[in-house]
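A short worksheet on the structure shown next.
The values are calculated or read from the model by the stated rules, or taken from the named source; none is laboratory data. Note that the structure is predicted; figures quoted are calculated from it, not measured. All Cβ positions, glycine included, derive from the backbone under ideal geometry; neighbour counts span all protein chains shown.
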Amino acid sequence: MPAYRPGPRNLITDVAGLTVGHGTNERAGTGATVLLCPRPWVAAVDIRGGGPGVRETETLAPENLVGGVHAITLSGGSVFGLAAADGAVARLSAKGVGLRLRPDGHFIPIVPGAVLHDLGNEGDKDWGETPPYRALGISAVENARAEFALGRVGVGRGAMVGFEKGGVGSVSLDLGDGLMVGALVAANAVGSVRMPDGRSFWAWPFEIEREYGGIAPDIAARAIDPAPDETRLSTLGRLSPGANTTLAVVATNADLDKGEAKRFAMMAQDGIARAVRPAHTPFDGDLVFALASGDRPLGHDAARAMKLARLGSAAADCVARAIARAVWEAGVGAS
């Protein structure tokens, strides 16, 4: 059996070509994160939460014309945060990135995006008619690198998970045979990442190399309450549609088409349910974007579907790991 390990960075950027940048506004306690593709990559999205906030997701439907994306934006700020994609589009176009419909025309970047709600959390949100998100999108593009920070940065700056601080998490998994899978999440869920012992993570069986503390659970504790902390959460105003969201991006270097990328994203959603309880509630906007570079052929024989299933299962594990790592890196795991 292969000894599965993360890639060299244990970040989504172990999928070669991807870069990630953050824009963070400390005064407002919010931010945005951009994932940049070096060329148009095949993409898809799967939305399970009851209160999503999205941009250009219908563009990714398999029946639609556009074959790839240039970037994906994730932002705080609820509906105001959708402007982060405006900033990313403007800066990428100025850099000569995007489709061009005629030789002297504008470059047109394809940049889907999604937002989470952090407006009720810490920070000065009194920005009047000039929300900071367009500028944050521009900043995130400029900051994009293969190495990037985790925790309370970018889209994760104002995130909460249950009663804990959330943030940005990312991991990767080397499947051998040249195949790589990675995930990046912004964890801002109404549910909890902790098991009933209050210390260990629901995602503990998937942890590799103590990436979120190596905390073993109390196996005597039982998870029989289907909605733990419901009453307490309601007093904090967290039980409103869209007030909580886990945003995720999964990526692979396999040569997936748009339909296969959709299945890849759908399978990856299970990682949220493995790491957060409850998940996909009416109060969450949970969604997963999928990206595929196409650099590694899967072949077109009878085994292709099985290879896709393996990729999707790995993506779900990566999402679960990334959620736990987001909370750990946010600093609450050490308490």
>> What's the number of the only condition in (1) part of a helix (DSSP H, G or I); (2) surrounded by fewer than 23 Cβ atoms within 10 Å (Cβ to Cβ) that T130 fails to meet?
In response: (1)
>> So for region 91-100 (the condition being on the phi < 0 side of the Ramachandran plot and at pLDDT below 95), does at least one residue qualify?
In response: yes
>> For the list (1) closer than 21 Å to G176 by Cα; (2) modelled with pLDDT under 95; (3) touching a Gly at 6+ places or on another chain (Cβ under 7 Å), I need the number of the one condition that A279 fails.
In response: (1)
> Within region 22-44, is there a residue that is within 17 Å of the chain's Cα centre (by Cα), in a loop (DSSP other than H, G, I, E, B) and under 24 Å from G178 (Cα atoms)?
Replying inline: no
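When you look at A144, is it surrounded by 23 or more Cβ atoms within 10 Å (Cβ to Cβ), touching a Ser or Thr at 6+ places or on another chain (Cβ under 7 Å) and touching a residue at least 12 places away in the same chain (Cβ under 8 Å), yes or no? Full working, then the answer.
Numbers: surrounded by 23 or more Cβ atoms within 10 Å (Cβ to Cβ): no; touching a Ser or Thr at 6+ places or on another chain (Cβ under 7 Å): yes; touching a residue at least 12 places away in the same chain (Cβ under 8 Å): yes.
It is false that A144 is surrounded by 23 or more Cβ atoms within 10 Å (Cβ to Cβ), touching a Ser or Thr at 6+ places or on another chain (Cβ under 7 Å) and touching a residue at least 12 places away in the same chain (Cβ under 8 Å).
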> Could you list, in sequence order, the residues of region 222-276 that are among the charged types (D, E, K, R) and either at pLDDT 85 or above or assigned to a loop (DSSP other than H, G, I, E, B) (or both)?
Replying inline: R222, D225, D229, R238, D255, D257, K258, E260, K262, R263, D270, R274
> Which of the residues belonging to region 101-115 are modelled with pLDDT of 95 or more and among the hydrophobic types (A, V, I, L, M, F, W, C)?
Replying inline: F107, I108, I110, V111, A114, V115
> Hey, does region 40-53 have a residue that's buried (at least 22 other Cβ atoms within 10 Å of the Cβ), in contact with a Lys or Arg (Cβ under 9 Å, 6 or more places away or on another chain), within 14 Å of V155 (Cβ to Cβ) and β-branched (V, I, T)?
Replying inline: no
> Given (1) modelled with pLDDT under 90; (2) surrounded by fewer than 16 Cβ atoms within 10 Å (Cβ to Cβ); (3) not β-branched (V, I, T), where does G176 come up short, assuming only one miss?
Replying inline: (1)
>> Testing T13 on (1) of a type outside the set (G, A, S); (2) buried (at least 24 other Cβ atoms within 10 Å of the Cβ); (3) part of a strand (DSSP E or B), one condition comes back false. Which one is that?
In response: (3)
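Does V66 qualify as being part of a loop (DSSP other than H, G, I, E, B), over 29 Å from A279 (Cα atoms) and at pLDDT below 95? Lay out the reasoning, then the answer.
Values: part of a loop (DSSP other than H, G, I, E, B): yes; over 29 Å from A279 (Cα atoms): yes; at pLDDT below 95: yes.
It is true that V66 is part of a loop (DSSP other than H, G, I, E, B), over 29 Å from A279 (Cα atoms) and at pLDDT below 95.
Test of understanding: among A273, A309, which residue is more than 15 Å from T246 (Cβ to Cβ) and either out of contact with any Ser or Thr (no Cβ under 9 Å at 6 or more places or on another chain) or surrounded by fewer than 24 Cβ atoms within 10 Å (Cβ to Cβ) (or both)?
None of the other options fit; the residue is A309.
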> If you go through region 96-120 one residue at a time, how many are farther than 22 Å from G154 by Cα, within 25 Å of the chain's Cα centre (by Cα) and in a loop (DSSP other than H, G, I, E, B)?
Replying inline: 2
